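What follows is a short report on a single structure.
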Amino acid sequence: MYLGIDIGTSGVKAVIINDAQQVVDQAAAPLSVDRPQPLWSEQDPASWWRATDEAVRKLDSQARRAVRAIGLSGQMHGATCLDKDDDIIRPAILWNDGRSGDACARMIEEMPGLTDITGNLAMPGFTAPKLQWMRKNEPSNFERVAKVLLPKDYVRFLMSGDHASDMSDSAGTLWMDVAKRDWSDDVLALTGLTREHMPKLYEGSEATGQLSPKIADGWGMSRVPIAAGGGDNAAGAVGSGVVKPGEGFVSLGTSGVVFLADNQYRPNTDGAVHTFCHALPGLWHQMSVILSAASAVDFVARIAGFETEAALYEQTADAATPGKGAIFLPYLSGERTPHNDPHAKGAFIGLTHEDTPLSMAQSALEGVAFALADGVDVLRDTGAKIDTLSVIGGGSRSNWWGEIIASAMDLPLTYRTASAVGPAFGAARLARLCLGEDKIEDICTPPAISHVIKPNAKMRDLYGPRREKFTKLYNATKDLNS
């Protein structure tokens, strides 16, 4: 057996797979996000550990005893700052936090060649600008910083005592020379830090250490190795078998991602495309990222009075009626691709007396689909050829949403048997690879196809003008958002 643990934003998921790559058991534990001020998004790192421990202990005890290795994946970019005693200094600043916009501008001004080194624009979501913000606004906290870890890597530290990370997650900090797969001393110096503040880097399929005796005893497991793992999207790609040039997926989680694998480093910062290392050696990937996907739909479910988020998906699917009226802008946490605008705001525009909770829900599903389609267009502008995308994440459970997205993108979507398990499944695969007994090409194969959703011609034609209006509405309102 192999255990994969995914430290997400809304919860921790743990999954055990066997040698046949079948999911033997899975469990989850919830997390909440704190928003103490506008643009701020934080979590207590201790909550990650409580949720991890809860999720793992829910798993079948016999399967846990058979686990040979553990892999980790998690939400990217979160700044988890430790002092010299490895104690938490302040709540972790998350990937969807927008407070460091000014810090990004200062970094670019002070180092004009920043994007040449990192392959990415300085964005508030990345880790380095968060430390720049601390340096200016919380100098006493900044002076105490001895180590900066990403969320999954803080959980790793509690599991094994190691300060370690993988290439894919670390590429999203803005401290890496992504082409060289190494920390950049120059960018670290720009933010007042050195390599001593960083974890040791590993490929995602390498072991970083072993489970400590205390944790192993508590979980009823042996002292098994822990794989470096990957950022949530790279681990999701491993789980989906997206490991060859031109292969890609769309992730429908808290955020929304369109991911393309590549065997070369091809940065393109036009349109706010991300270029990171993959979780496997010798591979990179490009991503377009929207900050609110399923989280935006969940928000609308709450404000529109649906009993549960699941009820929204069920009732919109039963109605199967594309939107005709109001347009929804899903920018509840600002936006990355293609706008790179931390001040972007969400909105319903064009509401009338004829609108209902159900029509607002449909508009929400479409607004996220339009934002994802914007990302596909930007990736195509780089020369990427996209013929189909696999679907992962919790949103993959809704076939109606899949039909909306396929029609908005004008692309078929492929659904696979482990699509809803996502990054945790990929983390379990990386756990198996860290033992050194298997070849990547034998393990990282695409799971079986459950079904394919093709664009609906009528919906595609309807969405053309609605997408145009969607784009115009963002441009018309952005000056009102600062």
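The values are calculated or read from the model by the stated rules, or taken from the named source; none is laboratory data. Predicted model only: the values in this text are computed from it and were never measured. Every residue, glycine as well, gets a Cβ built from its backbone with ideal geometry; the counts of neighbours run over all protein chains shown.
Results, tabulated for the structure shown:
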| read-out | value |
| --- | --- |
| Count of residues meeting criterion [of a type in the set (A, V, I, L, M) and surrounded by 18 or more Cβ atoms within 10 Å (Cβ to Cβ)] in the range 433-442 | 1 |
| Qualifying residue in the range 308-323 (condition: of a type in the set (G, A, S) and in contact with a strand residue (DSSP E or B) (Cβ under 8 Å, 6 or more places away or on another chain)) | no |
| Residue that is surrounded by the most Cβ atoms within 10 Å (Cβ to Cβ), among those in the range 10-36 that are at pLDDT 95 or above and of a type in the set (S, T, N, Q) | Q26 |
| Exclusive hit being touching a strand residue (DSSP E or B) at 6+ places or on another chain (Cβ under 7 Å) and modelled with pLDDT under 95, set G78, G101, G74, G119 | G119 |
| Filter result for the condition that a residue is charged (D, E, K, R), out of contact with any Leu (no Cβ under 9 Å at 6 or more places or on another chain) and without any contact (Cβ under 8 Å) to a residue 12 or more places away in the chain, over R65, R57, R35 | R35 |
| Residues located in the range 425-455, provided they are part of a loop (DSSP other than H, G, I, E, B) and charged (D, E, K, R) | E437, D438, K439, K454 |
| For G125: the one exception among (1) at pLDDT 95 or above; (2) of a type in the set (G, A, S); (3) within 24 Å of I89 (Cβ to Cβ) | (1) |
| Cross-chain or 6+ apart pairs with Cβ under 7 Å, the range 238-250 first and closer than 14 Å to I443 by Cβ, then among the polar types (S, T, N, Q) and modelled with pLDDT of 90 or more | S240/S390; G241/T445; V242/S390 |
| Given (1) assigned to a loop (DSSP other than H, G, I, E, B); (2) touching a His at 6+ places or on another chain (Cβ under 9 Å); (3) within 24 Å of S41 (Cα to Cα), number of the condition G192 does not satisfy | (2) |
| Hits in the range 37-49 - residues which are touching a strand residue (DSSP E or B) at 6+ places or on another chain (Cβ under 8 Å) and buried (at least 17 other Cβ atoms within 10 Å of the Cβ) | S41, E42, Q43, P45, W48 |
| Qualifying residue in the range 12-28 (condition: more than 16 Å from the chain's Cα centre (by Cα) and part of a helix (DSSP H, G or I)) | no |
| Residue within the range 330-346 that is over 26 Å from F259 (Cα atoms) and part of a loop (DSSP other than H, G, I, E, B) present | no |
| Evaluation of A364 against (1) in contact with a Pro (Cβ under 9 Å, 6 or more places away or on another chain); (2) buried (at least 18 other Cβ atoms within 10 Å of the Cβ); (3) outside any helix (DSSP H, G or I) (one fails), failing number | (3) |
| Unique match (being under 23 Å from A406 (Cβ atoms) and without any contact (Cβ under 8 Å) to a residue 12 or more places away in the chain) among A310, A320 | A310 |
| Given (1) touching a strand residue (DSSP E or B) at 6+ places or on another chain (Cβ under 8 Å); (2) within 29 Å of I449 (Cβ to Cβ), number of the condition A344 does not satisfy | (2) |
| Residue check for A406: at pLDDT below 95, in a helix (DSSP H, G or I) and over 25 Å from Q21 (Cα atoms) | no |
| In the range 427-456, residue farthest from S165 (Cα to Cα) [restricted to those that are modelled with pLDDT of 95 or more and among the small types (G, A, S)] | G436 |
| Strands (runs of 3 or more DSSP E) within the range 50-158 that include 1 or more residues crowded, with 16+ Cβ neighbours inside 10 Å and small (G, A, S) | 69-74 |
| Residues located in the range 337-372, provided they are of a type outside the set (D, E, K, R) and farther than 30 Å from E307 by Cβ | T337, P338, H339, N340, P342, H343 |
| Residue among T417, T445 that is polar (S, T, N, Q), closer than 18 Å to F259 by Cα and either in contact (Cβ under 8 Å) with a residue 60 or more places away in the chain or surrounded by fewer than 18 Cβ atoms within 10 Å (Cβ to Cβ) (or both) | T445 |
| Which numbered condition L193 fails, given (1) over 27 Å from R65 (Cα atoms); (2) in contact with a Ser or Thr (Cβ under 9 Å, 6 or more places away or on another chain) | (2) |
| Residue count, the range 212-257 (criterion: part of a loop (DSSP other than H, G, I, E, B), modelled with pLDDT of 95 or more and surrounded by 24 or more Cβ atoms within 10 Å (Cβ to Cβ)) | 2 |
| Residue within the range 456-479 that is surrounded by fewer than 24 Cβ atoms within 10 Å (Cβ to Cβ) and not in a helix (DSSP H, G or I) present | yes |
| From the options L131, L149, residue that is at pLDDT 95 or above, hydrophobic (A, V, I, L, M, F, W, C) and in contact with a Gly (Cβ under 8 Å, 6 or more places away or on another chain) | L131 |
| Filtered residue count, the range 316-329, keeping only those that are assigned to a helix (DSSP H, G or I) and buried (at least 17 other Cβ atoms within 10 Å of the Cβ) | 1 |
